[in-house]
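Chemist: Sharing a structure here in structure tokens format.
Values in this text are rule-based calculations from the coordinates and carry no lab data. Values in this document were obtained by computation on a predicted structure and should not be read as measured data. We place every Cβ from the backbone using ideal geometry, glycine too, and count neighbours over all the protein chains shown.
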Amino acid sequence: MQGFAGFMWLLSMALIVFSGFALFDAAIRREDAYRAADKKTKPFWLIVLGLAFVVNLIFNILSFLPIIGLIATIVYMVDVRPAIRALPGGGRSGRGSGSSSDGPYGPYNGGR
């Protein structure tokens with residue numbers, strides 16, 4: 001029985017880390033990236049993933065609520081995150097990987 005309890009503890013820790021990573025990832029993405037990817041808003045995903053994280057911290061893995069939180073986290077990771085990362089700049093805050101001479105339509109080449 002002790003081996004099963006240890007396995008359940010490891011599984012619970014993995015869910016906490018997984019939902020924490022998804023929450024952190026959702027927090028660093030730009031607000032307009034969610035709208036550009038035609039997904040729900042950033043505050044919506046922060047609330048859902050924050051609740052999933054807290055539920056995974058409080059409740060036992062065998063209860064019903066962590067399963068719902070896991071489903072919400074999986075939906076974010078396999079649907080929302082790839083759609084946002086496919087946008088130019090990856091949906092991250094800041095300028096991203098573009099050059100300082102990049103304009104709205106691509107790099108500025110000095111009129112050549």
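Chemist: Using the C-alpha gyration tensor of region 1-97, what are the square roots of 5 times its eigenvalues, in whole angstrom, with the largest one first?
Modeler: With the √(5λ) rule applied to region 1-97, the semi-axes are 30, 12, 10 Å.
Chemist: Identify the residues of region 26-48 with backbone N under 16 Å of a label point that sits 7 angstrom from the Cα of A86 along the Cα-to-Cβ direction, or state none.
Modeler: 33-40
Chemist: Going by amide H atoms built from the backbone, whose H comes under 5 Å of the H on R30, apart from near neighbours?
Modeler: The answer is R92, S93.
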